[in-house]
1. Taking residue 67 as the anchor, which aspartates and glutamates have their alpha carbon closer than 20 Å to its alpha carbon, excluding any fewer than eight residues away along the same chain?
2. Would you mind checking segment 69-97 for residues with the amide N under 20 Å from a putative spin-label position 7 Å along Cα→C-beta of residue 36?
3. Residue 28 label point, 7 Å along Cα→Cβ, cut-off 19 Å on backbone N: hits in segment 99-116?
4. Carbon-plus-sulfur fraction of the accessible area of segment 1-109, 1.4 Å probe, in percent?
5. Ignoring everything except DSSP H segments at least 4 long, calculate the 222 nm mean residue ellipticity for the chain; use -39,500 (n - 2.57) per segment, divide by total residues, nearest 500.
6. Once you put a point 7 Å from the Cα of residue 15 and another 7 Å from the Cα of residue 70, both along the Cβ direction, what distance in nm separates them?
7. Angle, helix 84-100 long axis vs. longest principal axis of the chain, Cα atoms, 0 to 90°, nearest 10?
8. Dipole size in debye (nearest 20) for the chain around its Cα centre, Lys and Arg Cβ +1, Asp and Glu Cβ -1?
Amino acid sequence: MSFSIKSSEAGKLRAFAVQLMAKESWYERQQFEELVVFRYDDLLFGMLDVMRNTDFIYEFDWMGFGKQAEQLVAKPELLAVADLETLRKLFTAHSRNESLNDGHLADMIDDGHLKLAVKRLTQLL
């Protein structure tokens with residue numbers, strides 16, 4: 001599969017990623033009695049919106065990608081050399097997981113994985 005992104009769109013995506021990397025906190029966890037709500041930073045939402053609008057996040061068998069995604073989470077050295085197509089799959093899987101499991105992205109932020117993925121993305125764009 002060959003994916004190309006217009007340079008203007010890549011620039012927008014990179015700008016969101018760079019600004020996000022400069023932030024100390026990417027989300028807030030709020031508790032309302034038994035309900036836990038995750039409020040993600042607008043920059044993270046902006047980056048994900050650009051990804052969706054440019055088909056960086058796309059339809060594929062993301063559940064079948066699960067074992068490879070788990071390896072990328074468990075072994076940061078693999079993420080450090082991931083190519084753009086692998087990052088597309090990874091961000092798609094994380095986006096889909098968040099829609100099914102509120103707080104998935106927060107977990108990925110807390111363990112440092114999402115920050116490493118965004119850092120790798122800035123290196124490739």
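1. Counting by Cα, and skipping residues close in sequence, residue 67 has these aspartates and glutamates nearby: 59, 77, 83, 85, 98, 107, 111.
2. Taking a point 7 Å out along Cα→Cβ of residue 36, the residues of segment 69-97 whose backbone N falls under 20 Å are 94-97.
3. 103-107, 109-110
4. Working: 3320 of 6550 Å².
Exposed carbon and sulfur together represent 51 percent of the surface.
5. On the way: 7 runs with 76 residues, N = 125.
-18500 deg cm²/dmol, from helical runs alone.
6. It works out to 4.0 nm between the two label points.
7. Result, in degrees: 20.
8. Working: 15 positive and 20 negative charges, 115 e Å.
For the chain, the charge dipole is close to 560 debye.
The values are calculated or read from the model by the stated rules, or taken from the named source; none is laboratory data. Predicted, not measured: the structure shown is a model, and the values here were computed from it. Every residue, glycine among them, receives a Cβ derived from its backbone with ideal geometry; neighbour counts consider all protein chains shown. Areas reflect the complete protein model, heavy atoms only, side chains present, ligands, DNA and RNA absent. Shrake-Rupley method; radii C 1.70, N 1.55, O 1.52, S 1.80 Å.
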